[in-house]
Every structure is written in C-alpha cells, then in structure tokens.
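These notes are about the structure you will find just below.
The values are calculated or read from the model by the stated rules, or taken from the named source; none is laboratory data. A quick note: this is a predicted structure, and the numbers were derived from the prediction, not measured. Glycine gets a Cβ as well: all are built from the backbone with ideal geometry, and neighbour counts include every protein chain shown.
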Ligand SMILES: [Zn+2]
C-alpha cells in the first residue's frame, strides 16, 4: 500500500474507482479492496494528511453531507463511519470508511 493511495492513484485516475457521489471538494467511491459487503471511502479531493491537519471544518461538514447522501442513496440503515489517524492510517490522506454488512 503506497503512502497516499488517493493522491497517487485514485484522484489522478491512475486507478479507476467506481464513484458513487462527487461534490466540488469531496469524492465517495467503492473501496478497491473491500473488507465488507458495503465498503465506501469518502475523501477530500485536495490533500489533507488526517483529522489533526484539518484547518477549515467546512470540509468535514461537506464530507459528512456526502456520507449522509450516500447512505440514503444506497438505502443503508445500519452502517459505520470510521476514520483512522496516525499509525492506524493505511493511507496518509484524510479518509472516512463507510462500512456495512447489510
Ligand atoms: Zn493525498
């Protein structure tokens, strides 16, 4: 796994991802190697290292608006939103996993 899969592959189209929703600043797509029946990743399009690096909280608001929209679109009632930081981050680019086994 590269340090920043999202900037290095997903956002520059080196790897094609299956997009679910896209706004001006946020992209939601299906995880390329899902660990759950439903496994979505939601990221800011501009690079942010992790939650500790967020300056303007508007991006977090936009991310969660996208998460809510995606959950509604896919009719997800039971789901988890996970954000990892530091050593728990597989990719060093802020991202939120939306997972469900439903
Ligand atoms: Zn990045």
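Would it be correct to say that residue 51 is at pLDDT 95 or above and over 17 Å from residue 97 (Cβ atoms)? Steps first, answer last, please.
Numbers: at pLDDT 95 or above: yes; over 17 Å from residue 97 (Cβ atoms): no.
No; evaluated as a whole, the condition is false for this residue.
Which residue pairs have Cβ atoms under 7 Å apart, sit 6 or more places apart or on different chains, and have a first residue in region 59-88 that is at pLDDT 95 or above and a second that is assigned to a helix (DSSP H, G or I)?
Sorted first by the residue in region 59-88, then by its partner, the pairs are 79/71; 81/67; 83/51; 85/51; 85/52.
Give the residues of region 16-34 that are surrounded by fewer than 12 Cβ atoms within 10 Å (Cβ to Cβ) and closer than 20 Å to residue 3 by Cβ, sorted by residue number. Walk me through it before giving the result.
Of region 16-34, the ones surrounded by fewer than 12 Cβ atoms within 10 Å (Cβ to Cβ) are 16, 18-19, 24, 33.
Hit for region 16-34 is 33, nothing else.
Please tell me if residue 44 is away from the ligand (no atom under 16 Å from the Cβ), modelled with pLDDT of 95 or more and surrounded by 11 or more Cβ atoms within 10 Å (Cβ to Cβ).
Values: away from the ligand (no atom under 16 Å from the Cβ): no; modelled with pLDDT of 95 or more: yes; surrounded by 11 or more Cβ atoms within 10 Å (Cβ to Cβ): yes.
The answer is no for residue 44.
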